[in-house]
Amino acid sequence: MSSSAESGLAQILQLAYSGELAAAYAYRGHWKSSLRKEDRERIREIEEEEWDHRRLVGEMLATLGQKISPLRELRAHCIGRTLGALCWITGWLAPMIGAGALERRNVFEYITAAEFARDSGHEEWIDCLLEMAEVEWEHEAYFRGGVDRHWLGRHLPLWERPGQKADIRAQFGHSGPELRTQS
């Protein structure tokens, strides 16, 4: 068990905890401002999944004896609420692009957290963290699909895909280029 791994795990979980707050509030504004019923329903589900991730990450932080940063929470609250409000102004495409790029990053964040969990002796969290990475992968795929179906979005350069969903578990603990290429 490595103390540096546990420190890395705590740091990633702290970021993820507040990041999930910002994302949930941003998605609340996003689904409420969406015109298509299918988008409203799916983005609302994604918001709920972000709240669930926040709960799970919070439980892990509590087990590690980590306190939540009030400043980071305030910042995440402000960012999430602002992004949610901007969805009413920017239209539908910009939030889809921003959300997709963010969700891609979250896939790797949870894989890295699972590696730190393994290395710090918290094997009981590995499956949960990898499952959260898979859910974030689904979110990225949904947002990319939304961008792809927009007439303008089809012509924009987008973030690199995070690999195949099945690769998340297959590549866990490895640095193979199929999954771990972060741009």
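Counting pairs of alpha carbon atoms under 8 Å apart in space and at least six apart in sequence, what relative contact order in percent does the chain give?
Numbers: 220 pairs, mean separation 45.5, N = 183.
Normalised by residue count, the contact order of the chain is 25 percent.
If each DSSP helix of 4+ residues adds -39,500 (n - 2.57) and the sum is divided by the residues in the chain, what number results at 222 nm, nearest 500 deg cm²/dmol? Could the numbers behind the result be given before it?
Working: 7 runs with 138 residues, N = 183.
The per-residue figure over the chain is -26000 deg cm²/dmol.
Exposure proxy check: Ser120, Ser4 ranked by fewest other beta carbons within 10 Å?
Values: Ser120 20, Ser4 10.
Ordered by Cβ neighbours within 10 Å, fewest first: Ser4, Ser120.
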> What's the angle, to the nearest 10 degrees (0 to 90), between helix 37-63's Cα axis and the longest principal axis of the chain?
Replying inline: 20
>> Suppose each label sits 7 Å from its Cα in the direction of the beta carbon; what would the Ile89-Ile68 distance come out to in nanometres?
In response: 2.8
> Which angle between 0 and 90 degrees, to the nearest 10, do you get for helix 126-149 versus the longest principal axis of the chain when only C-alpha atoms count?
Replying inline: 20
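Taking neighbour Cβ counts within 10 Å as the exposure measure, how do Ile43, Ile89, Ile12, Ile79 sort from fewest upward?
Listing Ile43, Ile89, Ile12, Ile79 from fewest to most nearby Cβ atoms yields Ile89, Ile79, Ile12, Ile43.
Assuming a ≥ b ≥ c are the square roots of the Cα gyration tensor eigenvalues, decide whether the chain counts as rounded (a/c under 1.5), prolate (otherwise, with a/b larger than b/c) or oblate. Don't skip to the answer; put the middle values down first.
Details: a/c = 2.31, a/b = 1.41, b/c = 1.64.
Oblate shape, in that a/c is at least 1.5 and b/c is the bigger or equal ratio.
Ignoring the sites themselves, what is the longest stretch of the chain with no trypsin sites (Lys or Arg not before Pro) in a DSSP loop and at most 13 other beta-carbon atoms within 10 Å? Walk me through the numbers before you get to the answer.
On the way: sites that count: Arg36, Lys67.
It works out to 68-183.
Which order results if His155, His139 are arranged by neighbouring Cβ count within 10 Å, fewest first? List each step's numbers first, then the result.
Numbers: His155 7, His139 25.
Ascending number of Cβ neighbours within 10 Å: His155, His139.
Rule-based calculations on the coordinates, nothing more; no lab input. Note that the coordinates shown come from a computational prediction; the quantities given were computed from them, not determined experimentally. Quick reminder, even Gly has a Cβ in these numbers, built from the backbone with ideal geometry, and neighbours come from all protein chains shown.
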